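Presented below is the structure to which this report refers.
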Amino acid sequence: MALKNQASELSDATEKKSSPRKRRTQAERSSDTRKRVCQATLQALIEIGYERISTQEIATRAKVSRGALTHQFPTRNELIVAAFDYLMRSWENDWPFDDAQNRPSMKTDELIDVLWEKLFEPDKYMAALELMLAARLDDDLGRDLRNTMARWTTKRDNIIAEILGVSQDCERTRTFIQINLCMLRGLAVHKSFDDEPDVAKRMLNQWKEILRHLAESGKFPNDAS
């Protein structure tokens with residue numbers, strides 16, 4: 001029996017040795033490097049902010065060489081835009097903004113919970129905000145970031161209107177959607193520096209109560225379409 005087990009182990013070892021792990025293609029390695037660099041950039045934005053980011057800082061965080069990073073992203077701005085695009089696409093590919101059919105119908109207060117959980121509560125939103133603020137002071141960076149943002153916001157707002165069952169042809173509807181997004185944006189900023197752990201949730205619940213009263217009164221969004 002012992003000899004049989006030894007023979008089996010030797011056979012397994014020989015098979016593993018003769019079947020080396022498949023090597024990744026250059027395209028796969030490049031894609032992995034870009035992903036790690038983008039993720040490291042977003043995390044650095046959260047932890048140290050836009051002003052303190054350098055290509056060396058990102059290379060260290062992503063565990064890639066400086067040369068590998070600059071091969072993928074020759075300039076700092078290209079790195080920043082790629083990270084921003086990576087974040088926007090992660091939102092676009094996540095429910096309820098993905099391309100799944102038969103989106104659910106929600107009331108505004110229900111949708112607020114989804115938007116908060118998916119977009120504004122996670123720390124990654126602060127990375128996006130860091131870049132939005134930086135874009136004000138850099139024309140080239142600002143142009144590229146706004147182009148990326150325009151693609152995302154158009155899709156986001158259309159899907160929000162679809163879920164609510166309202167039409168964006170109505171200016172009042174568009175304004176109502178933006179009011180809610182602005183409230184969530186401000187709440188995300190407040191949450192980032194408030195030491196009280198439950199304050200954001202309490203304010204969110206109060207806002208949803210206001211929205212329920214608006215819906216019950218028939219003022220919005222029922223008559224917006």
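The values are calculated or read from the model by the stated rules, or taken from the named source; none is laboratory data. Note that this is a predicted model, so its numbers are computed, not measured. Every residue, glycine among them, receives a Cβ derived from its backbone with ideal geometry; neighbour counts consider all protein chains shown. Each accessible area value is taken on the protein alone, full model and side chains, heavy atoms only, with ligands, DNA and RNA left out. Shrake-Rupley method; radii C 1.70, N 1.55, O 1.52, S 1.80 Å.
Here are some notes:
- In Å, descending, principal axis extents of the Cα set of the range 45-158: 49, 30, 24
- Flagged links, alpha-carbon separation over 29 Å, of Lys22/Lys155; Lys35/Lys107; Lys35/Lys118; Lys63/Lys191; Lys35/Lys208: Lys22/Lys155; Lys35/Lys107; Lys63/Lys191; Lys35/Lys208
- Nearest-20 debye value, the range 62-216 charge dipole, Cβ charges on Lys, Arg, Asp, Glu: 240 debye
- Within the range 145-225, the ratio Rg/Rh, alpha carbon atoms throughout and Rh by Kirkwood, equals 1.03.
- Average accessible surface for the chain: 61 Å² per residue, computed with a 1.4 Å probe over protein heavy atoms with every protein chain in place.
- The sum of -39500 (n - 2.57) across all DSSP H runs of n ≥ 4, divided by the residue count of the chain, sets its helix-only mean residue ellipticity at 222 nm to -23500 deg cm²/dmol.
- Taking only protein heavy atoms and a 1.4 Å probe, the accessible area of the chain is 50% carbon and sulfur.
- Along the chain, the longest continuous region that contains none of the trypsin sites (Lys or Arg not before Pro) in a DSSP loop with at most 13 other C-beta atoms within 10 Å is 137-218.
- Note: relative contact order over the chain, using C-alpha pairs below 8 Å and six or more positions apart, is 20 percent.
- Solvent accessible area, Å² - Met149, 1.4 Å probe, full protein context: 40 Å²
- Between 0 and 90°, nearest 10: helix 171-193 axis offset from the chain longest Cα axis: 60 degrees
- Trp116 - accessible surface, heavy atoms, 1.4 Å probe, Å² rounded to 10: 10 Å²
- The ellipsoid that matches the Cα gyration tensor of the chain has semi-axes, each √(5λ) in whole angstrom, of 43, 26, 18, with the longest given first.
- Of the listed residues Asp140, Asp85, the order by accessible area with a 1.4 Å probe, largest first, is Asp140, Asp85.
- Selection from Ile112, Ala188, Gly218, by position along the positive dipole direction of the range 66-225 (Cβ): Gly218
- Net charge of neighbours whose Cβ lies under 10 Å from the Cβ of Ala200, counting Lys and Arg as +1 and Asp and Glu as -1: -1
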